[in-house]
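The values are calculated or read from the model by the stated rules, or taken from the named source; none is laboratory data. Being a predicted model, the structure only gives us computed values, none of them experimental. As a convention, Cβ positions derive from the backbone with ideal geometry for all residues, glycine included, and neighbour counts pool all protein chains shown.
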Amino acid sequence: MATLNELDPTPEQIKAFLGHAKAGQPVFMLNLLKFKDRATYKDGQSNPDNDISGREAYNRYASAFAQMVKDSSIDGGAVFGGAANAMLIGTGDEWDAVAIFEYPDAQTMFDTVSSDAYRKIHKHRRAGLAGQLLISCDNSGVF
């Protein structure tokens, strides 16, 4: 099975996400994350404090994002986050970490990552990630 890590959604993916049959219900965003070895900040953002690993840059983003969501009083939040340690089934090393974040609905998620506050912290995400898979899930009780 081929997978492709990306940093941003396509317009078609955004439309499908916001138009999904369960878009008005709570949404759990499954993040499969691949970090760069070294963070790469754009010109003008380079300074000795930014000579860090991709994981460290992403941690800056994650901390700021969690605070932003808390300050916005959005229902939900971080459900799980941790390192991807070993493959038990399948092969590959596509991801370094996994996170699940809950939002009240798809529109709230999209509005959150489209806000001015988000734009201010997004540089750390872009600097740290080689790519990711971001999968919208519901809570339909598979188990």
**Report entry** Residues that are in a strand (DSSP E or B) and within 22 Å of ALA130 (Cβ to Cβ), drawn from the stretch 10-37
**Finding:** MET29, LEU30, ASN31, LEU32, LEU33, LYS34, PHE35
Report task. Could you list all residues from the stretch 127-143 that are buried (at least 18 other Cβ atoms within 10 Å of the Cβ) and out of contact with any strand residue (DSSP E or B) (no Cβ under 8 Å at 6 or more places or on another chain)? Result -> ALA127
Query raised in the report: Could you say which residue among LYS42, LYS22, LYS70 is among the basic types (Lys, Arg), more than 13 Å from the chain's Cα centre (by Cα) and either at pLDDT below 90 or surrounded by 18 or more Cβ atoms within 10 Å (Cβ to Cβ) (or both)?
Result: LYS42
Query - Subset of the stretch 73-104 [crowded, with 17+ Cβ neighbours inside 10 Å and either in contact (Cβ under 8 Å) with a residue 60 or more places away in the chain or of a type in the set (Phe, Trp, Tyr) (or both)] - result: GLU94, TRP95, ASP96, ALA97, ALA99, PHE101, GLU102, TYR103
Report summary line: Counting only residues that are under 28 Å from ASP37 (Cα atoms) and either touching a strand residue (DSSP E or B) at 6+ places or on another chain (Cβ under 8 Å) or of a type in the set (A, V, I, L, M, F, W, C) (or both), the stretch 61-101 contains a total of 26
Query - Lone unmet requirement of (1) modelled with pLDDT under 95; (2) touching a helix residue (DSSP H, G or I) at 6+ places or on another chain (Cβ under 8 Å) for ASP93 - result: (2)
**Report entry** Matching residues, the stretch 45-62, being out of contact with any helix residue (DSSP H, G or I) (no Cβ under 9 Å at 6 or more places or on another chain) and within 16 Å of ARG125 (Cα to Cα)
**Finding:** SER46, ASP49, ASP51
Requested in this report: Would you check if ASP51 is surrounded by fewer than 13 Cβ atoms within 10 Å (Cβ to Cβ), under 18 Å from ARG119 (Cα atoms) and at pLDDT below 95?
Outcome: no
